[in-house]
Amino acid sequence: QKIVLATSNKGKVKEMADVLADFGFEVVAQSELGIESPEETGLTFVENALLKARYASEKSGLPAIADDSGLVVKALNNAPGLYSARYAGVDDEDPGFHNRKKLLAEMANVPKNEREAKFVSCIVMLQTPTDPSPIIAEGECYGEITFEEKGENGFGYDSLFFSPEKNCTFAELEPTEKKQISHRANALKILKQKLKVA
Ligand code: ITT
């Protein structure tokens, strides 16, 4: 079954396309079809994932899958959360750079034992733009915000997200390792289970 991957984030494409191919889908990234991302006006991850999947499905005439995700930091009253992609308010080539700088600044005076955070991924799959029962799969993973960047892999906040399980940041993990333990990996596992019974 052909399906549009409704994201403009290359990191997400890398982490999702081959997994979805293993599920038996023929994956087309929205950029290959000249589809842009819609404005994310939802108030929750699930609403934004639905908006993106619906938009891509409408534009392409194909089923669509989207991920809305973010970093939730307890000491910052759950910021950047839904606004993780635009935390620093700039939209340049690498928004990750400014976002990470802002996060480190906001966390500068937060002691080591109060730096817990989680990544959340909400993946939504629609058969048509008006599909009344989308498949919704949510995954999380827990970690801590570091005091400085470490590692070169991944994208976004990976170099500031320390995984106690792996004893390093997500950006120090090999892509194959991140694909086993991340919030997105956990959401994809749930999606797989739901597809089996769908
Ligand atoms: P699309 O909407 O086109 O999919 P986006 O980057 O705007 O791309 P989101 O609105 O879901 O996606 O924003 C999620 C942000 O959260 C993302 O830009 C990163 O800053 C951060 N993020 C999400 N997953 C991440 C991960 O696995 N590692 C590091 N940062 C992540």
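Screening the stretch 72-81 for residues that are in contact with a strand residue (DSSP E or B) (Cβ under 9 Å, 6 or more places away or on another chain) and of a type outside the set (G, A, S) and picking the one that is nearest to the ligand (Cβ to nearest atom) gives P80. Of all the numbered requirements in (1) among the hydrophobic types (A, V, I, L, M, F, W, C); (2) surrounded by fewer than 21 Cβ atoms within 10 Å (Cβ to Cβ); (3) in contact with a Ser or Thr (Cβ under 9 Å, 6 or more places away or on another chain), V120 misses one, and that requirement is (2). Being touching a Ser or Thr at 6+ places or on another chain (Cβ under 8 Å) and of a type in the set (A, V, I, L, M) holds for only one residue in A49, A53, A66, and it is A66. When S69, S84 are checked against the criterion of being touching a residue at least 12 places away in the same chain (Cβ under 8 Å), near the ligand (Cβ under 10 Å from one of its atoms) and touching a Leu at 6+ places or on another chain (Cβ under 6 Å), a single residue qualifies: S84. Quick one: which of V27, V4, V19 is more than 10 Å from the ligand (Cβ to nearest atom) and assigned to a helix (DSSP H, G or I)? After applying the criteria, what remains is V19. Answer with yes or no whether E165 is in contact (Cβ under 8 Å) with a residue 12 or more places away in the chain, surrounded by fewer than 20 Cβ atoms within 10 Å (Cβ to Cβ) and within 22 Å of P80 (Cβ to Cβ). No, not satisfied. Test S60 against the criterion of being small (G, A, S), within 10 Å of the ligand (Cβ to nearest atom) and open to solvent by 30 Å² or more (accessible area, probe 1.4 Å), and give yes or no. Here the answer is no, as S60 does not meet what is asked. Checking each residue in the stretch 87-107 for being touching a residue at least 24 places away in the same chain (Cβ under 8 Å) and either more than 11 Å from the ligand (Cβ to nearest atom) or polar (S, T, N, Q) (or both) picks out N99, L104, E106, M107. Taken as a whole, the structure places E177 among residues that are of a type outside the set (K, R) and within 15 Å of the ligand (Cβ to nearest atom). Of all residues in the stretch 80-118, which are assigned to a helix (DSSP H, G or I) and of a type in the set (G, A, S)? Correct list: G81, S84, A85, G96, A105.
Within the stretch 159-198, restricting attention to residues that are acidic (D, E) and part of a helix (DSSP H, G or I), the residue that is farthest from F147 (Cα to Cα) is E177.
The values are calculated or read from the model by the stated rules, or taken from the named source; none is laboratory data. Predicted model, so just to flag it, every value in this text is computed and none were measured. Virtual Cβ from ideal backbone geometry, glycine too; neighbours counted across all protein chains shown. Just the protein is used for accessible areas: all its heavy atoms, side chains included, with ligands, DNA and RNA removed. Shrake-Rupley method; radii C 1.70, N 1.55, O 1.52, S 1.80 Å.
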